[in-house]
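Here's the structure we're looking at; comments come further down.
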Amino acid sequence: MKTYKILLGLFAIITATFLYSCNKEFERTITDKNLGDTTTAKSGNRKVLYLIVDGARGQSVSTANIPNITALLNTSIYSWVALNEPGVTQNASNWANMLTGVKVAKHLVKDDALTNNNLQNYPIIFKRIKESRPQTKIAAYTSSPVFKSLNVGADISAQVANDDAVKNALINQFNTDTASLVIGHFTDVDKAGAASGYDNSFPQYKSAIEKFDSNVGEVLAALKRRANYANEDWLIIIASSDGGAYTLPPNTDDQTIFSKPESNSFIIYHNIRSNKRIIVKPFTGNRYLGKTVKLIGQNIRGEIPGPEASVYNIDDTTTMTIELKVKKNQDIFRWPSILGKRNEWSSGHPSVGWVIYLEEGYWYFEWRGTKDADYKQCRGANLAKGKWENLSVKLEKRGNQRFIRTYTNGVFNNELEITASGSLANNNALKLGYLNGTGHGEPDVYVTDIRFFKLSVPDGVIGQYACETAIDQSHPSYNYLVGYWPATDGTGNRMADLSSQAHDFQMLGTFTWENFNDLICPPSASTLAVLVPQTSDIPSQVLNWLKIANKQTWQLDSRVWLDI
């Protein structure tokens with residue numbers, strides 16, 4: 001028994017030593033394999049297939065019959081609400097965005113002639129790739145002579161007859177060549193959209209999208225048949241350069257960049273090791289709905305008589321804040337009043353008081369006081385046609401000085417001192433819409449949610465509550481409210497004042513209460529665009545995949561969405 005125990009102990013020691021040695025060797029081997037950070041890492045030789053299709057509106061592609069594209073999505077980062085550069089409609093500009101990684105303001109490609117461009121400073125990424133990895137082979141195929149002219153630096157840059165020829169060239173490339181960046185550019189979807197309309201309700205357009213998907217399927221099948229495919233690590237990018245013109249149904253128009261079909265692209269970043277991630281439309285603003293009156297011309301307006309309106313005077317000791325929501329129905333205006341308290345609104349600004357008015361694309365707060373015979377005006381921001389935006393103006397004291405400050409959607413615009421103006425008080429009515437006088441135009445606007453505080457509301461509070469569509473006692477300045485007209489009454493001939501003062505606007509003229517259902521304070525196109533993939537992002541993604549560092553001096557306008 002004693003001998004048995006000794007033998008058993010020796011066996012255990014030998015076994016442990018063996019296992020320890022194996023584990024140490026195993027750890028060392030794994031570590032060695034992970035040391036390299038090159039395009040020939042253990043995941044395979046990194047390559048990119050980049051398919052560009054013109055005129056394929058993302059929302060239409062997402063609802064078409066696209067089995068080959070759909071098969072990629074479980075291992076892709078993708079979005080059907082991706083964007084090209086807002087406002088850019090030229091194909092050459094969109095292509096340059098997708099090949100340089102910067103936008104039009106930098107590359108200056110503005111037409112098919114490519115005249116006066118700045119591609120020497122913001123080149124096609126082929127140059128960036130070749131500078132870092134001269135051995136990298138690049139091939140590009142297109143039926144467009146303009147697109148071909150952009151492919152400076154490609155080892156193979158071929159113009160072929162049509163989309164079928166592009167597909168065949170890509171298949172032949174995969175059968176015979178070893179390029180690390182392969183680009184195929186397709187145009188038939190755009191041609192179908194231009195001929196019929198850019199929506200699946202037009203059979204010709206839908207059929208073109210589905211034919212493109214079939215081409216994608218054939219190209220991918222050829223890619224996977226490559227003899228060395230198992231040792232390659234492919235990033236597959238499929239993206240539309242733009243969408244196309246189409247009138248959206250009213251209930252789907254959110255009045256933001258996402259309701260501009262011309263800008264609606266789609267982008268798919270696929271790799272077999274990627275996790276699925278779909279990027280959807282971000283929050284675009286609060287919904288605002290009700291019934292209000294269009295203030296248009298000289299007759300449709302509201303008025304609170306002078307004796308009742310005295311509380312809205314601004315004397316030489318008053319602090320105040322006025323807020324209102326405005327939706328204008330024209331781009332450009334010539335000085336119409338939308339809210340004011342003065343005897344008249346005329347050339348020369350003859351009367352004491354104040355007025356909020358529109359000039360060109362901007363809004364202004366203008367006043368004339370009892371001490372200073374000259375008038376003053378403090379400008380707000382530009383207002384977009386057809387969108388609800390919040391206007392705020394306040395008078396605040398700082399020491400012995402008084403200042404007028406303007407804000408749009410809670411963001412500070414401008415400031416002007418009012419100390420020397422004295423009092424703006426008068427015996428006149430408070431007028432909503434047209435204010436009698438000469439030398440100015442007539443309004444065409446909706447005005448709602450009007451608030452008058454006898455307080456300089458803090459900037460932070462203005463910003464926090466600017467895009468709220470109602471006010472109650474939870475508002476920090478509620479107790480200083482001397483006028484609150486939601487202006488969404490929907491019936492009758494008054495706009496009720498829900499403050500403690502109860503001074504209603506009497507509505508004048510032949511008016512009707514109109515339904516509205518819109519967004520309030522929608523973010524700007526530039527703000528929204530960074531929340532979804534953009535076509536100008538793609539070059540950075542290509543460089544990242546090929547392990548080429550993005551240098552700050554390149555000033556690329558793009559970001560990376562897939563990083564594995």
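Search the stretch 54-72 for residues being in contact with a strand residue (DSSP E or B) (Cβ under 8 Å, 6 or more places away or on another chain) and in a helix (DSSP H, G or I), and hand back the single one that is most open to solvent (accessible area, probe 1.4 Å). Talk me through it step by step, then tell me what you get.
Going through the stretch 54-72, the residues in contact with a strand residue (DSSP E or B) (Cβ under 8 Å, 6 or more places away or on another chain) turn out to be 54-59, 61-62, 69, 72.
In the following step, the residues that additionally are in a helix (DSSP H, G or I) were identified as 58-59, 61-62, 69.
Values: 58: 0, 59: 86, 61: 3, 62: 41, 69: 2 Å².
Once the filter is applied, the top-ranked residue is 59.
Checked against the criterion of being of a type outside the set (Gly, Ala, Ser) and part of a helix (DSSP H, G or I), the candidates 303, 323, 308 yield just one match: 308.
Can you find a residue in the stretch 314-335 that is in contact with a His (Cβ under 7 Å, 6 or more places away or on another chain) and surrounded by fewer than 16 Cβ atoms within 10 Å (Cβ to Cβ)? Yes, the conditions are met somewhere in the stretch 314-335. Looking at the stretch 474-484, can you tell me whether even one residue there is in contact (Cβ under 8 Å) with a residue 24 or more places away in the chain and open to solvent by 70 Å² or more (accessible area, probe 1.4 Å)? Among the residues of the stretch 474-484, at least one is in contact (Cβ under 8 Å) with a residue 24 or more places away in the chain and open to solvent by 70 Å² or more (accessible area, probe 1.4 Å), which makes the answer yes.
Test residue 309 against the criterion of being at negative phi and without any contact (Cβ under 8 Å) to a residue 24 or more places away in the chain, and give yes or no.
Working: at negative phi: yes; without any contact (Cβ under 8 Å) to a residue 24 or more places away in the chain: no.
Spelling it out, it is not the case that residue 309 is at negative phi and without any contact (Cβ under 8 Å) to a residue 24 or more places away in the chain.
Of all the listed residues (75, 89), the sole one being open to solvent by 60 Å² or more (accessible area, probe 1.4 Å) and at negative phi is 89.
When residue 268 is tested against the conditions (1) closer than 17 Å to residue 49 by Cα; (2) open to solvent by 10 Å² or more (accessible area, probe 1.4 Å); (3) hydrophobic (A, V, I, L, M, F, W, C), the lone failure is (2). What's the total number of residues in the stretch 261-298 that are part of a strand (DSSP E or B) and closer than 30 Å to residue 230 by Cβ? Number satisfying all stated conditions: 7. Among the residues making up the stretch 543-555, those that are open to solvent by less than 30 Å² (accessible area, probe 1.4 Å) and not in a loop (DSSP other than H, G, I, E, B) are 543, 545, 554. Hey, could you check the stretch 198-244 for residues that are part of a loop (DSSP other than H, G, I, E, B) and open to solvent by less than 10 Å² (accessible area, probe 1.4 Å) and say which is nearest to residue 535 (Cα to Cα)? Per the stated criteria, the residue is 241.
Listed here are the residues, each with its yes/no results for (1) touching an Asp or Glu at 6+ places or on another chain (Cβ under 9 Å); (2) of a type outside the set (D, E, K, R).
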{"position": "444", "(1), (2)": "no, no"}
{"position": "449", "(1), (2)": "yes, no"}
{"position": "456", "(1), (2)": "yes, yes"}
{"position": "461", "(1), (2)": "no, yes"}
{"position": "468", "(1), (2)": "yes, no"}
{"position": "472", "(1), (2)": "no, no"}
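Looking at the stretch 364-413, the strands (runs of 3 or more DSSP E) lying wholly inside it that each contain 2 or more residues that are surrounded by fewer than 18 Cβ atoms within 10 Å (Cβ to Cβ) and within 30 Å of the chain's Cα centre (by Cα) sit at 375-382. List the number of the failed condition for residue 248; all other conditions in (1) under 21 Å from residue 469 (Cβ atoms); (2) in a loop (DSSP other than H, G, I, E, B) hold. So residue 248 meets the others, but not (1).
Assess whether residue 356 counts as being open to solvent by less than 10 Å² (accessible area, probe 1.4 Å), in contact with a strand residue (DSSP E or B) (Cβ under 9 Å, 6 or more places away or on another chain) and free of Cβ contacts under 8 Å to residues at least 60 places away in the same chain. Yes: the conditions hold for residue 356.
Of the numbered conditions (1) at pLDDT below 95; (2) more than 25 Å from residue 453 (Cβ to Cβ), residue 521 fails exactly one; give the number of that condition. With (1) at pLDDT below 95; (2) more than 25 Å from residue 453 (Cβ to Cβ) applied to residue 521, the lone miss is (2). Let me spell it out: the conditions are (1) of a type in the set (Gly, Ala, Ser); (2) touching a Pro at 6+ places or on another chain (Cβ under 9 Å); (3) farther than 23 Å from residue 113 by Cβ, and residue 153 meets all of them except one. Which number is the exception? Every listed condition holds for residue 153 apart from (3). Residues in the stretch 486-500 include at least one that is of a type outside the set (Ser, Thr, Tyr), free of Cβ contacts under 8 Å to residues at least 40 places away in the same chain, in contact with an Asp or Glu (Cβ under 8 Å, 6 or more places away or on another chain) and part of a strand (DSSP E or B).
Name the single residue that is least open to solvent (accessible area, probe 1.4 Å) among those in the stretch 430-459 being in a strand (DSSP E or B) and over 21 Å from residue 394 (Cβ atoms). Within the stretch 430-459, the match that is least open to solvent (accessible area, probe 1.4 Å) is 445. When 540, 526, 558 are screened for being assigned to a helix (DSSP H, G or I), open to solvent by 10 Å² or more (accessible area, probe 1.4 Å) and touching a residue at least 24 places away in the same chain (Cβ under 8 Å), only 526 passes.
If you go through the stretch 245-259 and keep only what is open to solvent by 30 Å² or more (accessible area, probe 1.4 Å), over 23 Å from residue 212 (Cα atoms) and touching a residue at least 60 places away in the same chain (Cβ under 8 Å), you end up with 255, 258.
The values are calculated or read from the model by the stated rules, or taken from the named source; none is laboratory data. Bear in mind that the values here come from a model prediction, so they are computed numbers and not experimental data. A quick note on method: Cβ atoms are made from the backbone with ideal geometry, for glycine too, and the neighbour counts reach across all protein chains shown. These accessible areas exclude ligands, DNA and RNA; they are computed on the full protein's heavy atoms, side chains included. Shrake-Rupley method; radii C 1.70, N 1.55, O 1.52, S 1.80 Å.
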